[in-house]
Amino acid sequence: MTVDRKTFAVYAITKHGVAIASRVLSHLIGADLFVSEKLIASAPAPAGARRLPLPMGPTLIETFTAYDCHIFIISIGAVVRMIAPLLKSKKVDPAVVCIDDAARFSICVLSGHVGRGNSFTDRIAVALGAQSIVTTASDAIGTLTVDILGRDLGWTLDDMDRNVTRGCAAVVNATKVLFVQETGEPDWWPADKPLPEGVQYATSLEGVDPQVFEILLIATDREISESHPAHWKNAVIYRPKSLVLGIGCDRGTAPDLVDRGVLAILAKQGLSPKSVKELATIDVKKDEVALLALSEKYGWPLRTYSPEELDVVPGIQNPSDKVKQHVGSRGVSEPAALLAAGADELLVPKQIYTEPGAGRSMTLAVARRAFAKRQVEVVSL
């Protein structure tokens, strides 16, 4: 969903439509209702209903990008004609759901996956006791939804435009697909449900011949375009939020230096910033301007720990008596990363970054979150 959008807009232009809208609104807290001007007083419309001049095209020009989901109690044909000039791409278009005037059907018209239209359609159907109509192939046959896989777990696509359409076609047509999970939550597919026809599972790229498969679906926090170019070329890449950055810096370090340092170290280690879940540091740094700026810029929450909590963390590779003298702990970046990630060992031990003439430096350590393993048969390759 787009952050600055409201969630639901509901449109009704008939008496039956207004009655249905009232039922829908009781299940969608905060939804805005637009009612035809001729009916707003006589229907009667629920309190707070907004006047909808007809024809409604001019209103839709104003509202279309302001909501995540538009619910029309209007015929699909009419809705398609009205919204057609407003469509841009599946990356940004809102969901559109149509309900018939007898509330028998809740029908997804637009943005079923990326815009969550299918989910909204099902939700509205439950509210009305109606039949949900979803026509996207992966949902209809119960296979992987490649373009939104793991989204509810916080996963993102590395590139929404690269190989995604091919991936969708591959799983829908039940061709040979390999899901390689190097990291991330195990419940991207129900544990008690067999993998869809054609989909195999592995936990490593080692021994995988990318040409054997129609497409690879890879959940990883690594940058593999250079280390595994053939795999990368034939893959859809998912970025689970698997990395925790333990971070420290001299007081007053410039935010731009810290920003460049984090990206430079991650790039050198072959790790994707898209897989960072959070930052972790010592509590005396909770008001450090550079760390707060980094947190805000990338949406990485900043977690802090006391010196006592950090000082007893096992697995520190670079303890320092000097650091302990200053802050009360043998280290900051390494124990903070381990503690926040719930990990036993570091993925990247403490790295120091500075720039000529800066007079300040930063330290960064990386830990990978500990995830449960999927209890499914792993392919022997």
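Take every DSSP beta bridge with both residues inside the chain and express the antiparallel ones as a percent of the total, to the nearest 5.
Numbers: 19 of 60 bridges.
Taking every DSSP beta bridge with both residues in the chain, the antiparallel ones total about 30 percent.
Considering only L339, P301, V289, whose Cα is most displaced toward the positive end of the charge dipole of region 286-381, charges sitting on Cβ of Lys, Arg (+1) and Asp, Glu (-1)?
P301
Taking Rh as the Kirkwood radius computed over C-alpha pairs, what is the Stokes-Einstein D of region 151-202 at 10 °C in a medium of viscosity 1.306 mPa s, expressed in µm² per second? Intermediate results must be reported in sequence, preceding the final value.
On the way: Rh = 12.4 Å.
Value of D from the Cα-based Kirkwood radius: 128 µm²/s.
I'd like the Kirkwood hydrodynamic radius of region 241-310, using the inverse of the mean 1/r over distinct C-alpha pairs, in Å.
Radius from the Kirkwood sum: 12.3 Å.
What list of ³J(HN,Hα) couplings, whole Hz, do you get for region 345-360 from phi and the Karplus terms 6.51, -1.76, 1.60, once you set θ to phi - 60° and write x for glycine and proline?
Whole-Hz 3J(HN,Hα) from phi for region 345-360: 9, 7, 7, 10, x, 3, 10, 10, 10, 8, 9, x, x, 6, x, 9.
From the alpha carbon gyration tensor of region 142-258, can you work out the equivalent ellipsoid semi-axes (sqrt of 5 times each eigenvalue) and give them in Å, largest to smallest?
Numbers: eigenvalues 182, 54, 34 Å².
So the three semi-axes of region 142-258 are 30, 16, 13 Å.
So, in nm, how far is label A174 from label R50 when the simple model puts each one 7 Å beyond its Cα toward the Cβ?
Roughly 4.6 nm, to one decimal.
Work out, step by step, the length gained on full extension between R81 and D321: first 0.36 nm times the residue separation, then minus their alpha carbon distance; give nm to one decimal.
79.3 nm
Could you do me a favour and compute the accessible area per residue for region 236-354, 1.4 Å probe, result in Å²?
Accessible surface, normalised per residue, equals 45 Å².
Cα centroids of region 137-212 and region 213-259: how far apart, whole angstrom?
Cα centroid to Cα centroid, the span is 19 Å.
Along the principal axes of its C-alpha atoms, what lengths does region 26-66 span, in descending order and rounded to whole Å?
25, 25, 12
Using a 7 Å offset from the Cα along the Cα-to-Cβ direction at both Q211 and D101, what is the distance between the two label points in nm, to one decimal?
Reported label-point gap for Q211 and D101 is 6.1 nm.
For region 234-239, what does the Karplus curve 6.51 cos²θ - 1.76 cosθ + 1.60, with θ = phi - 60°, yield as ³J(HN,Hα) per residue in whole Hz, taken in order and with x for Gly and Pro?
Result, rounded to whole Hz: 10, 9, 9, 9, 10, 10.
Taking 0.36 nm per residue of sequence separation and subtracting the Cα-Cα distance, how much length would be gained by fully extending the chain between A293 and K373, in nm to one decimal?
Working: separation 80, 0.36 × 80 = 28.80 nm, distance 3.48 nm.
Extra length available between A293 and K373 comes to 25.3 nm.
I want to check the label-to-label distance for D122 and S26. Put each point 7 Å from Cα in the C-beta direction and report it in nm to one decimal.
Taking the two extended label points, one gets 2.4 nm.
Rounded to whole Hz and in sequence order, give me ³J(HN,Hα) for region 252-263 from the Karplus expression 6.51 cos²θ - 1.76 cosθ + 1.60, θ = phi - 60°, writing x for Gly and Pro.
x, 5, 5, x, 5, 5, 5, 4, 5, x, 4, 5
When only alpha-carbon atoms count, how far does region 183-240 stretch along each of its three principal axes, as whole angstroms with the largest first?
36, 24, 17
Mind pulling the per residue volume of the convex hull built on the Cα atoms of region 222-358? Å³ is fine.
Working: hull volume 16.1 nm³, N = 137.
Considering the Cα atoms of region 222-358, their hull volume per residue is 118 Å³.
What span do the alpha-carbon atoms of the chain cover on each of the three principal axes, reported in whole Å from largest to smallest?
Reported extents, whole Å, longest axis first: 78, 50, 36.
Region 292-312 to region 1-39: how many Å between their Cα centroids?
Cα centroid of region 292-312 versus Cα centroid of region 1-39: 42 Å apart.
What are the residues whose amide H is under 5 Å from the amide H of L271, where those residues sit 5 or more places off or on another chain and H is modelled from the backbone?
HN-HN under 5 Å from L271: E223.
Magnitude of the Cβ-charge dipole of the chain, K/R +1 and D/E -1, about the Cα centre, nearest 20 debye?
880 debye
Please list the non-local residues whose amide H lies under 5 Å from the amide H of V109, H modeled 1.01 Å from N, same-chain partners needing a gap of 5 or more.
Placed amide hydrogens put V96, V97, C98 under 5 Å from V109.
Which far-off residues, 5 or more places away or on another chain, put their amide H under 5 Å from the one on Q200, with H placed in the peptide plane?
V177, L178, F179
As I understand it, the dipole of the chain uses +1 on the Cβ of Lys and Arg and -1 on the Cβ of Asp and Glu, about the Cα centre. Which of L279, I83, A49 lies farthest toward its positive end?
A49
I need the P(r) histogram for region 1-93: all alpha carbon pairs, bin width 5 Å from 0 out to the longest distance, whole percents.
The calculated distribution, bin by bin, is 3, 13, 25, 26, 20, 10, 3, 0.
Given the Cα-Cα distance of Q269 and K38 and 0.36 nm per residue of separation, how much length would full extension add, in nm?
Length gained between Q269 and K38: 76.7 nm.
The values are calculated or read from the model by the stated rules, or taken from the named source; none is laboratory data. Everything quoted here is computed from the prediction, not taken from an experiment. Cβ: placed from backbone, ideal geometry, glycine included. Neighbour counts: every protein chain shown. Note: accessible area is taken over every heavy atom of the protein model, side chains too, but ligands, DNA and RNA are not part of it. Shrake-Rupley method; radii C 1.70, N 1.55, O 1.52, S 1.80 Å.
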